[in-house]
Amino acid sequence: MTPSYPEAVFASNGLARFSPLLPRLSALADALLAENEKVNLTALRAPEAVWLLHFADSLLFADLAEQTGAKSAVDVGCGGGFPLLPLALALPETAFSGLDATKKKLAFVERAAAALGLPNVATLPGRAEELSRREELRDGFDLAVARAVAPLSVLAEYCLPFVRIGGSFLAYKGPEAEAELREAKPVFTALGARAEDLVLRRLADPADPGKENVRALVVVRKLHKTPPAYPRRNSEIRSAAARLPCGSDIRPADE
């Protein structure tokens, strides 16, 4: 019997152990595409694109997230729920919080989590640079993940204040990851962290086997508390990122 596209996508990307999740992910795909007709949750319109670029992409590094042993995790800029919802399905022992500034997207995440039977998903409405200054959230998570479209140096300042000492920040990136990592290293230092690994994998599309879809995961370890000066205002973060790699306004964590 010829496998379905979802089955083929998971098999092609070494995700066969997550095959039991296919029925629930199928329900999520239907809900996402239906809601997307009313609210802009994703630029993807075809079910095949959702399976490849949201579901398989979100789970491509799930083994590395699992290896952190995190009991709590925050997805910064989760949008319509990615990688949040697939990871929460794959790692039911981890309590996930999805952070986003768009309440309509978080409303969908909440409904989807309830429909999928995910008690390990909560939402945090607001901006990362503001929420990470709340006492109960700062240094409050074992793990931060981000798949948002922003430079690594910007993502780091949004994410690392949420991570407790000894925890990890996992940044989903594309083929530009190596260059972004070089520029972001002084930012990591300033925020009390250090890059530990850059893992490259290919996201395989069974419908187009020759296509190169390079995915990368930047693994960052939190070593010290992030200084109170960080995160800065959004405009300052992005302005500083535009001036990298000089990093002249980035102060080390021990200053």
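Contact map, segment 135-156: residues that are within 16 Å of PHE61 (Cβ to Cβ) paired with residues that are at pLDDT below 95, Cβ distance under 7 Å, separation 6+ or inter-chain. Pairs shown: LEU155/ALA148.
Taking the criterion of being within 11 Å of the chain's Cα centre (by Cα), farther than 16 Å from SER19 by Cα and outside any helix (DSSP H, G or I), the residues of segment 45-95 that qualify are ALA73, VAL74, ASP75, VAL76, GLY77, CYS78, GLY79, GLY81, PHE82, PRO83. Summed over segment 31-44, residues that are assigned to a loop (DSSP other than H, G, I, E, B) and either touching a strand residue (DSSP E or B) at 6+ places or on another chain (Cβ under 9 Å) or not β-branched (Val, Ile, Thr) (or both) total 6.
Within segment 26-41, identify whether any single residue is β-branched (Val, Ile, Thr), touching a helix residue (DSSP H, G or I) at 6+ places or on another chain (Cβ under 9 Å) and surrounded by fewer than 19 Cβ atoms within 10 Å (Cβ to Cβ), and answer yes or no. Yes - at least one qualifying residue is present in segment 26-41. On the stretch given as segment 96-117, residues that are in contact with a Pro (Cβ under 9 Å, 6 or more places away or on another chain), buried (at least 20 other Cβ atoms within 10 Å of the Cβ) and not in a strand (DSSP E or B) total 2. Check whether at least one residue in segment 151-160 is surrounded by 24 or more Cβ atoms within 10 Å (Cβ to Cβ), touching a Ser or Thr at 6+ places or on another chain (Cβ under 8 Å) and assigned to a helix (DSSP H, G or I), and report yes or no. Yes: segment 151-160 contains one or more residues that are surrounded by 24 or more Cβ atoms within 10 Å (Cβ to Cβ), touching a Ser or Thr at 6+ places or on another chain (Cβ under 8 Å) and assigned to a helix (DSSP H, G or I).
Inspect segment 3-11 for any residue being in contact with an Asp or Glu (Cβ under 7 Å, 6 or more places away or on another chain) and either under 19 Å from PRO209 (Cβ atoms) or among the polar types (S, T, N, Q) (or both) and give the result as yes or no. Within segment 3-11, one or more residues are in contact with an Asp or Glu (Cβ under 7 Å, 6 or more places away or on another chain) and either under 19 Å from PRO209 (Cβ atoms) or among the polar types (S, T, N, Q) (or both).
Against the condition of a type in the set (A, V, I, L, M), assigned to a strand (DSSP E or B) and either within 22 Å of GLN67 (Cβ to Cβ) or within 13 Å of the chain's Cα centre (by Cα) (or both), how does ALA171 come out, does it pass? It is true that ALA171 is of a type in the set (A, V, I, L, M), assigned to a strand (DSSP E or B) and either within 22 Å of GLN67 (Cβ to Cβ) or within 13 Å of the chain's Cα centre (by Cα) (or both). For segment 12-22, the tally of residues that are over 12 Å from TRP51 (Cα atoms), in a helix (DSSP H, G or I) and without any contact (Cβ under 8 Å) to a residue 60 or more places away in the chain stands at 4.
Tell me, yes or no, whether segment 20-38 has at least one residue that is more than 22 Å from VAL149 (Cα to Cα) and basic (Lys, Arg). Within segment 20-38 (the criterion being more than 22 Å from VAL149 (Cα to Cα) and basic (Lys, Arg)), the answer is yes, since at least one residue qualifies.
The values are calculated or read from the model by the stated rules, or taken from the named source; none is laboratory data. The structure displayed is predicted, hence computed values, not measured ones. When we count neighbours, we look across all protein chains shown, and the Cβ atoms used for this are built from the backbone with ideal geometry, even at glycine.
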